[in-house]
Every structure is written in structure tokens, then in C-alpha cells.
Amino acid sequence: MATNTTMPAKNEYARSRIGQPLVRRPSIDPSKLLPMDKTEHIGGHDVFNVLFVGAGNIMFGSPEGPWNHSFRLEHKLGPRLKVVALIDPDTRRANEVLGKKRDSFVVSAYQNTRVCKNLEEFVQTMTPKETPRAVVIGSPPMFRGTEKPGRNIEIQLLEHFPDVALFVEKPVATGPLEEMKDSYAVAKAISDRETICSVGYMLRYLKAVQMMKKIIHDNHLTVMCTIARYACAYEAIAKPDWWDKSKSFGPVIEQGTHFCDLSRYFGGEVDLSTVVAHSLEWDEHAGQLSKMTVDESKIAPENRIPRVTSATWKYENGAVGNFVHVVALQGQNYSCELEVYADGYNLKLVNPYVQPILYIRQPGDDNETQMTFPDDDPFFSEISNFIDKIEDDDSESGNILSNYEDAVRTYELTWAIRTAAEASRAKTKALAQ
Ligand SMILES: NC(=O)c1ccc[n+]([C@@H]2O[C@H](COP(=O)([O-])OP(=O)(O)OC[C@H]3O[C@@H](n4cnc5c(N)ncnc54)[C@H](O)[C@@H]3O)[C@@H](O)[C@H]2O)c1
């Protein structure tokens, strides 16, 4: 069964762009990923101060999905959790979500939470007792991930609270491509200070994903190819900004990023010079959609999003990556799959958001075997590992699977895909004239 070599595969190493040593891509034993109801809150008695940035869906939940960081933190930290402040320019929304928390059994975590319009307000008014140990950043990505005033919350936090740990939502930023160097500068600042930092690519924490990693590791496999497909249910997407490239920077950067990240997690570093892509655009016959709930005529034509983006690339070790993002399905549920091929093996992850199933084909059997992972909660696993890492930096128990620089690389890949698709479209149009 074992192939090639007993050394870790070459593509499990990342060459750093910010001058750090080579790092092996981390993984977690899948048997150690437990849902909330199978774990107890962390031990100890001292207060654990957390600062929330953003009072939106990712932090407090929404009917659209299972995300809700506050809920997972309450379970992980138990009575130790104290949310010292909730920063959001929309103070009405912030007060509303806090009101609900104070009406519930988790009141002790939120009793003294202050609402602040921005970080400066918190810093100017806080007492030393309120110094945060961790900050969870769930503001929209256009307000972070750069060195520019008003969009540099990570740098500001490092200056005010040098020992703080950061949890940052994906994508690390959204902005013009020229700002990519800013995001690498933020990564360098975080790395230079050895700040504990986790980025919310929660699919890496799926049990199914860690099972795939284990199979690859145990059998000393080298990934040959990744094939990722992300087909969203567009009828359910009612946020006008999502349909506007000038606001959300397009569906690959905003949404497909999760699958570009998973592709990199298995395939290794991408040779960005090899990325080629094609798109089906809104003004082509095949790109007409009948069930959009947003009035697209209000969006400038040049900012309307593609219906299909299909990209391919070489990884640095020679393996090939393929990614397709599709805006075609109606109803509610997305259709997402990731296949990973290695000599003798096909590992196929299906439906990772709702009910992950892993299909495995391996040497000695032409049939696929199937694994399911009931009750898996990757949102809890990512928060749980983040807190464990803060509590005991040296222990094996806290394993961060997506650090800031790694996440910037995913952001860069998504920009490379968008740029390649737009270049291809421009070429086709020019030839047609
Ligand atoms: N990992 C996942 O599956 C997942 C799921 C949902 C959202 N997200 C990510 O979380 C982030 C937030 O998304 P959301 O759905 O919660 O958005 P949202 O619109 O529901 O909430 C964002 C909140 O941030 C506030 N805000 C705006 N500017 C701010 C600033 N400068 N400082 C602090 N707060 C500010 C807004 O007023 C709003 O209340 C995005 O990056 C999104 O991609 C990730």
C-alpha cells in the first residue's frame, strides 16, 4: 500500500514569503475532534477576557448557516468568559444582540460588555482589568487586513495589546490587488511578534478533512491532483453587495475562497504564474439567471459577477489543481465537492457544509468505501483549538490549522483566479471585434 518514500511529501512544506522557516502543514488526529456536547469547558478559574469586533452573523449566528462564534466561545470557556467589549459602528445592532445574551443563562459573560463604535473608543475608555486576552475579528473584510488607517485593525491591536491572540475571519481582506503587499505586511507583523493567530478557514477542521490528511500521511502519499467544485444556490443570496464586484470583489474571492484554501491545504503551494481561468459572464446567453432576488440592473455592468469561473493551475511540486465556482443552483443547499488524487487513491469529500461524506477508493478495491461524520462541528473545533493554544502555547492540544500568512496566500490565489478569468474574457472579446 505504501508508496514512494517515508519522508513527508514535498508539497506539505511551504516556502514562506515573509522570511520565516519552512513549516509543515499542520493536522489534527480526527479522533480528537469532538463536538461541544462531548467536551467540558476548559479548566481553571481566572477570568478570560475576549474582545469582539463585529456584531454580525458570524459572531452571533443567523438562519443562513451554523456559524456563531459567541456560542462556541461560551461553551469552550464556560463561566470564565468575559466579553469586555463589542466593537461595531452599528451600535444599535450591537446593543440588540447583547440584550438577547443578557436575557439568557450566559448573562455573566455579557453583563459588563461595553459597546464601542471603534477600537480607539475602547482603548481610551478601558481599565487595565479589561485588557483582552483574545480578540475575535468578524468585521467585513474590506475594513481589515491592510496597513491603511481605518482598515488596519490587526496592526492597531498588536500595538495596543502586544500579548493578545487574534482570531480573524476569512478572507483576510478584500480590496484592490495592489494591496496584497499590505496583507503580507500584516502577516509579517503578526509573525514577527509571535502572536497566536488563527484564520477562520473552518473546513480544515472538519473530521472528514482530517481523515483525508491522515490517509495521505499514513500511506506516505504525494497528492497528484485536486479537483474542487463550489456550486452555490444563488436564489438564497439576497445581499446586493455579494452580486457587486466593487463591493465584495466577486464570488471566488468572497465565497470560493474556502475551497481554494482546501485545495492548497492538500496540494501545497500554487505556482501563481500558471493560473489560467475562464468565466461565463452575466451578459452571455448561457449566463442568464431566472431566479435572482436582487435587482442586478442597479449594479454597474462592469461590476456584475460571473456565473461560472473555472480555473486550473500547477502546484509548486508539479501537481495540478482545478477549481470551478458556479452560480447556477436555486433553492437553498449548495453543492460542493473536493477530490484529491494520489497514486492508487481517490479521496472525495462531498457536502462538507451540511452533512460531510468521504468516499475513499484505494488500492486493492475498485469500489469506493464511504465514511460519514455525524455531529461534527468544525466551527467549535477551530475555536476550541485556538483557546487551547492560548492557554498552553507549548502543548500539543491546541493546533491552529490556518495561520495568517497561509490565509493571505489563499487570498492571493483567489485574486489570481479572478485576474486570469478577466484577462481571458477581455481577450475573447477583443478577438470577436
Ligand atoms: N467561515 C464562515 O463560514 C463564515 C460565515 C459567515 C461569515 N463569515 C465571514 O465573517 C465576516 C463577517 O461576516 P458576517 O456575515 O458576520 O457579516 P455581517 O454583515 O452580518 O456583520 C458584519 C458586522 O460588522 C460591522 N462592521 C462594519 N464595519 C466594522 C468595523 N470597521 N469594525 C467593526 N465592525 C464593523 C457591521 O456593522 C456588522 O454588524 C466576513 O469576512 C465573512 O466572510 C465567515
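What does the helix-only formula give at 222 nm for the chain: each DSSP H stretch with n ≥ 4 adding -39500 (n - 2.57), the total divided by the residues, and the result rounded to the nearest 500 deg cm²/dmol?
Values: 12 runs with 127 residues, N = 433.
Calculated mean residue ellipticity at 222 nm is -9000 deg cm²/dmol.
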Original post:
Considering the chain as a Gaussian network with a 10 Å cut-off on Cα pairs, which listed residue, Arg304, Arg93, Arg264, attains the greatest mean-square fluctuation?
Top reply: Arg93
Original post:
Hey, quick one: spin label on Lys38, modelled 7 Å out along Cα-Cβ, who in region 352-373 has an amide N within reach, i.e. under 11 Å?
Top reply: 373
**OP:** Would you mind getting me the FRET efficiency between Ser31 and Leu431? Use the beta-carbon distance for r and R0 = 51 Å, nearest 0.05.
**Re:** 0.40
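Work out how much length Thr419 to His160 would gain on full extension: take 0.36 nm times their residue separation and subtract the Cα-Cα distance, in nm to one decimal. Intermediate results must be reported in sequence, preceding the final value.
On the way: separation 259, 0.36 × 259 = 93.24 nm, distance 3.66 nm.
Full extension from Thr419 to His160 adds 89.6 nm.
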Original post:
What ranking do 366-374, 307-315 get when scored by the average of other Cβ atoms within 10 Å per residue, highest first?
Top reply: 307-315, 366-374
**OP:** Please compute the net charge surrounding Asn322, taking Lys and Arg as +1 and Asp and Glu as -1 over other residues with Cβ under 12 Å from its Cβ.
**Re:** 0
**OP:** Under 20 Å from a label point 7 Å along Cα→Cβ of Lys291: give me every residue in region 311-335 with its amide N that close.
**Re:** 325-335
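Fully extended, how many nm does the chain gain between Asp46 and Ala233 (0.36 nm per residue separation, minus their Cα-Cα distance)? Walk me through the intermediate numbers first.
Values: separation 187, 0.36 × 187 = 67.32 nm, distance 4.49 nm.
Stretched out fully, the Asp46 to Ala233 stretch lengthens by 62.8 nm.
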Subject >> Inter-probe distance in nm under a simple model that places probes 7 Å from Cα toward Cβ, at Tyr359 and Arg92 >> reply: 4.9
Subject >> Cα-projected label distance for Gln111 with Lys298, points at 7 Å along beta-carbon direction, nm >> reply: 4.4
**OP:** Sort the chain into rounded, prolate or oblate with this rule: let a ≥ b ≥ c be the square roots of the eigenvalues of the Cα gyration tensor; rounded if a/c is under 1.5, and if a/c is not under 1.5, prolate when a/b is larger than b/c, oblate otherwise.
**Re:** oblate
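Going from the alpha-carbon gyration tensor of region 30-202, what semi-axes, largest first and in whole Å, does one get by taking the root of 5 times each eigenvalue?
On the way: eigenvalues 126, 72, 58 Å².
Output for region 30-202: semi-axes of 25, 19, 17 Å.
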**OP:** Kindly identify region 22-128 as rounded, prolate or oblate by the Cα gyration tensor criterion: order the square roots of the eigenvalues as a ≥ b ≥ c, call it rounded if a/c is under 1.5, otherwise compare a/b with b/c, prolate if a/b is larger, else oblate.
**Re:** prolate
Original post:
Going by average Cβ neighbours within 10 Å, how do the peptides 284-293, 254-263, 319-328 rank, with the highest at the top?
Top reply: 254-263, 319-328, 284-293
**OP:** Find how many whole Å separate the alpha carbon centroid of region 271-292 from the alpha carbon centroid of region 337-386.
**Re:** 28
Original post:
For the pair Ala328 and Thr369, what calculated FRET efficiency results from E = 1/(1 + (r/R0)^6), where r is the Cβ-Cβ distance and R0 = 41 Å, to the nearest 0.05?
Top reply: 0.85
Subject >> Sequence of Asp90, Asp406, Asp295 once ranked by neighbouring C-beta atoms within 10 Å, starting from the fewest >> reply: Asp295, Asp90, Asp406
**OP:** Compute the signed sum of charges (Lys and Arg +1, Asp and Glu -1) over the other residues within less than 10 Å, Cβ to Cβ, of Asp244.
**Re:** +3
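Take every Cα-Cα pair in region 219-298 and report what % of them are more than 16 Å apart.
Numbers: 2034 of 3160 pairs.
Roughly 64 percent, once rounded to a whole number.
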**OP:** State which entries of Lys245/Lys348; Lys148/Lys188; Lys32/Lys101; Lys76/Lys100; Lys314/Lys348; Lys207/Lys239 exceed 22 angstrom in Cα-Cα distance in the structure shown.
**Re:** Lys245/Lys348; Lys32/Lys101; Lys207/Lys239
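Would you mind calculating the gained length between Asn118 and Glu194 on full extension (0.36 nm times residue separation, minus the Cα-Cα distance), in nm to one decimal?
Numbers: separation 76, 0.36 × 76 = 27.36 nm, distance 2.51 nm.
Full extension from Asn118 to Glu194 adds 24.9 nm.
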Original post:
Normalised by the residues of the chain, what does the relative contact order come to in percent, with Cα pairs under 8 Å and at least six apart?
Top reply: 19
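Where both partners of a DSSP beta bridge lie in the chain, what percent of those bridges are antiparallel, to the nearest 5?
Working: 41 of 70 bridges.
DSSP beta bridges in the chain are roughly 60 percent antiparallel.
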**OP:** Among Asn367, Gly398, Phe48, pick out the residue whose Cα is farthest towards the positive end of the charge dipole of the chain, where Lys and Arg carry +1 and Asp and Glu carry -1 on C-beta, about the Cα centre.
**Re:** Phe48
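Since every read-out is calculated from the coordinates, none of them should be taken as a lab result. Keep in mind that what you see is a predicted model, and the values were worked out from it rather than measured. Glycine gets a Cβ as well: all are built from the backbone with ideal geometry, and neighbour counts include every protein chain shown.
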